[in-house]
Each structure stands twice: as structure tokens, then as C-alpha cells.
Amino acid sequence: MSSSVLSLSSPSNSQIQQAIPAKLLYALVQQKASGKLVVQNPFDEFVYWQVYLGDGRIHLANSANGCTERLNYLIGGTLRQKGIELPSRIADDYLFLSDLWKRDIFSFQQTRSILTQATQEALVQVLSLPKASYRFNQEKELSELFLNLDLERTINPIKHKIRYWWELRSYINSPFQRPLVENWLTLRQNLAKNNLHGQHWLKRLHHCLENLNCLYEIASQLEISTLELALMFQPMVKTGEIKMLPYQEIQMDDRPLVAYVDHREAHQRMMGYSLEKAGYRTSVLDDPFRALTVLLNSPPNLIIINTDLPDMNGYQLCSFCRKSNQLKDVPILLLGKGDNLITNIRTKFCQASGYLNEPFTPQELLGRVEEMLPANKVGS
């Protein structure tokens, strides 16, 4: 790659240009360039990688986004052993680690070791990218210098990882991507079929997938590398069982989830509107057999069941829920016509938490919901 790709004397050298990152970085090293290279993942507008250079040496490589997720993946376990919990949001992982060094939590050598590992992990991602947008700023921005690495020696131990990620790009383009699974049961069966992991491992994976965690977060929870995770997911991404979403710093919806089982469309609309307006998330299900499967796999905070369901009545569905470990402690409110001795007996027999006689007003419904979710009242 000729030096014409990047003119270091140009006043506009911080403008966005395009190049293959591997060739670009080697050219910068050969030119003994100093400054910060920022590369955008061409498949994901939310993902940027940064490489800091000084006289053609690598001073640091890291991500410009998702610092908390990535740092937790790299050293979360080490920090927890020292009694340190990562903040919910870290704007700059380098400054965070530099501060830990200044506070004598890590020695200079320990900080160097951590930053070397983090730099190699970032270089794997940068050097496995195809043609991408970049900008180069000649201003030096690092306040403390921990690393002064030779590029070739730094990447020699990780060349196999670069090749793997290069091959994975068609399916999984970054450890920041978020896997979306629409049918957990099918995925679980496929994973269990291979006898690779136990139930506890699968439960942790399911929790991560429900939260739309990125690969860094999932790998942290499962205590495996992002490359192992990506290679495991790749066949299922190829078949469409898993869809890979772009990275975006999303706010998770932590409102209480209320599941409502009823085959009557008018009641579904009324219930969904009333609960959503009051600040609850809703999951509306019309078939009791499918509802049982959904509830077992994704237990809500509260279940509301119409007693007059086809094929399986609400009392039976409630009984089945109570026999499962996942749902035995979830509050269940039954809705039915008739408030008499028989309905009271059947309600107690199926171990429902309460019964609301129809017809009722939205205010009556919400009053009962708040009674059953005292710790989850929506007030903010």
C-alpha cells in the first residue's frame, strides 16, 4: 500500500476516507505515523475501533463504544476478585484503567498486561474488517503511556483469530452484535442435542438472549471467548434460527411484565390498552396450550387468565402453572363470570392468587394488579 492512501501532511487528514484497515495500519506503521486512527465497522454504524500510534508503534487499541460490555468481558472477573464492580457506563476504558493504576489497584506492570490483552483483542477486530471508513487525527491524546508495541510482534499470537473473524463476517460482524432468537425451544433442543452444555449453562444463555445482550455480555456470562460463542452461533445464524442485530446502546424495558391469556379479541385490546397506559408491559396470548409454553420459558411478573378458555379452561391452566418450578410463585389473577361458592372453591383449588368477577372497570382491574405487584408499582 503506497503512502498516497494517507497524506499525513494534509490539513484535512481527519476527514473520513476509505481503505482496508489492515493495509492502512501497516502503511501508518511504515510511515512511523503518530496519532489516532478511528475505523468504523462497515456492517454496523454504531461500532468504531480506535488505534493510537506513536512513531509507528502501537500505544493502544480499543473500542469507541460499548466500553463497559467489552471491559467486563476482558477483566470483569479480575475486578470482582478485588471487590470492584464496573460502573453501569464507562465512557473511556483507557481512562478507567489509568485511574485504577493511579489508585494503586493495579501495578504499572498489571496495567500494561491488561492493556496489551485489550489492544490485541481490538486489533483482531480491526484487522479482520474489509474496506471501511476511517479518519486519522495526528493529535496525540493519551495522557499516560503504558504501551509501545511493535505491530507485527503484537499480532503474531492472534493471527489465527483474525482469520476466523474474517471468515465469520458474513454472518456475525462484531462481538457487539445482539443475537435475537424467536424460538428458544428449538434452539435449546439443538444445543442440548449436541450434549455440549448443562441445564445451568443453557439457563444463563436464555437469560442473556431474553435481555438482548451483545456477544461480549453473553461470553462474559458463559465464561467463554467471543470467538467460541460466534463459532457456536454461526450455523444457527446461517439457518435463520438466530438473527444478529446491530449494536446500539439500548435501554432495556424494565417495566413489570403482565401476561394475559384470553381468546376474546375485544378483551385483549381493552386489557392491553389499560395495562400499557398504566405503565406495564403486556404479553397477550390466546391459546392456553401455547400460553403454557411461553409462560414456562419467559415467566412474567403477573399472569391474568380468563377462566372460560377453549380446550383448557383457566382453572386448569392455573393448576398447570402452579405445578412448575418456574411459575409456582408468580401471582395469578383469574377473570370470570360469577362470584359464588363454586368459583371460590375452584379458585382456591387451582391455587390462584385472586379472582375478579366480570364485568369490571379498568380501575378495578388496575387496583387488583397493583395489589399483586406491590414491589413493582409504576411510579416513575
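For the chain, the calculated P(r) over all alpha carbon pairs, in 10 Å bins from 0 to the bin holding the longest distance, is 4, 20, 23, 19, 15, 11, 6, 2, 0 percent. Report, to the nearest 10°, how far helix 226-239 tilts away from the longest principal axis of the Cα atoms in the chain, using its own Cα long axis and a range of 0 to 90°. Taking Cα atoms only, the helix is inclined about 60 degrees.
Annotation: cysteines of the chain without a disulfide-compatible partner (Cβ-Cβ under 4.7 angstrom) are Cys67, Cys208, Cys214, Cys321.
Using the Cβ-Cβ distance between Lys203 and Glu167 with R0 = 22 Å, the FRET efficiency computed as 1/(1 + (r/R0)^6) comes to roughly 0.10. Relative to the longest principal axis of the Cα atoms of the chain, the long axis of helix 67-81 makes an angle of roughly 80 degrees. Under a 10 Å cutoff between Cα atoms, tell me which one of Leu100, Leu229, Leu168 has the largest fluctuation in the Gaussian network model of the chain. Of Leu100, Leu229, Leu168, the most mobile in the Gaussian network model is Leu100. Applying 1/(1 + (r/R0)^6) with R0 = 41 Å to the Cβ-Cβ distance of Ala64 and Lys193 gives a FRET efficiency near 0.55.
Separation of the stretch 288-304 from the stretch 152-198 is 30 Å, based on Cα centroids. Counting only alpha carbon atoms, the long axis of helix 265-277 and the longest principal axis of the chain meet at about 50°.
Most tightly packed first, judged by the mean number of other beta-carbon atoms within 10 Å of their residues, the peptides 299-307, 117-125, 38-46 read 299-307, 117-125, 38-46. In this structure, Ile84 and Ser324 have a Cβ-Cβ separation that, at R0 = 45 Å, corresponds to a calculated FRET efficiency of about 0.75.
Applying 0.36 nm per residue to the separation of Asn297 and Ser283 and subtracting their alpha-carbon distance, the gain on full extension is 3.7 nm.
Stretched out straight at 0.36 nm per residue, the stretch from Glu182 to Glu144 would grow longer than its current Cα-Cα span by 9.1 nm.
Working from label points 7 Å from Cα in the Cα-to-Cβ sense, the Tyr26 to Arg255 distance is 5.4 nm. When the chain is treated as a GNM with alpha-carbon contacts under 10 Å, the residue of Ala219, Ala19, Ala278 showing the greatest mean-square fluctuation is Ala278.
Applying a threshold of 19 Å to the alpha-carbon distances of Lys32/Lys159; Lys82/Lys102; Lys277/Lys328; Lys23/Lys238; Lys328/Lys348; Lys32/Lys131 flags Lys32/Lys159; Lys277/Lys328; Lys23/Lys238; Lys32/Lys131 as lying beyond it. Which of Thr361, Thr347, Thr78 ends up with the largest GNM mean-square fluctuation for the chain, with Cα atoms connected below 10 Å? Sorting by GNM fluctuation, first place goes to Thr361. In plain terms, the chain from Lys159 to Glu228 could stretch by 23.3 nm, reckoned as 0.36 nm per residue minus the Cα-Cα distance.
None of the figures in this text is laboratory data; all of them are computed from the coordinates on show. Only a predicted model underlies this, so the values are computations on that prediction, with no experimental measurement involved. Neighbour counts are summed over all protein chains in view; Cβ atoms, including those assigned to glycine, are modelled from backbone coordinates with ideal geometry.
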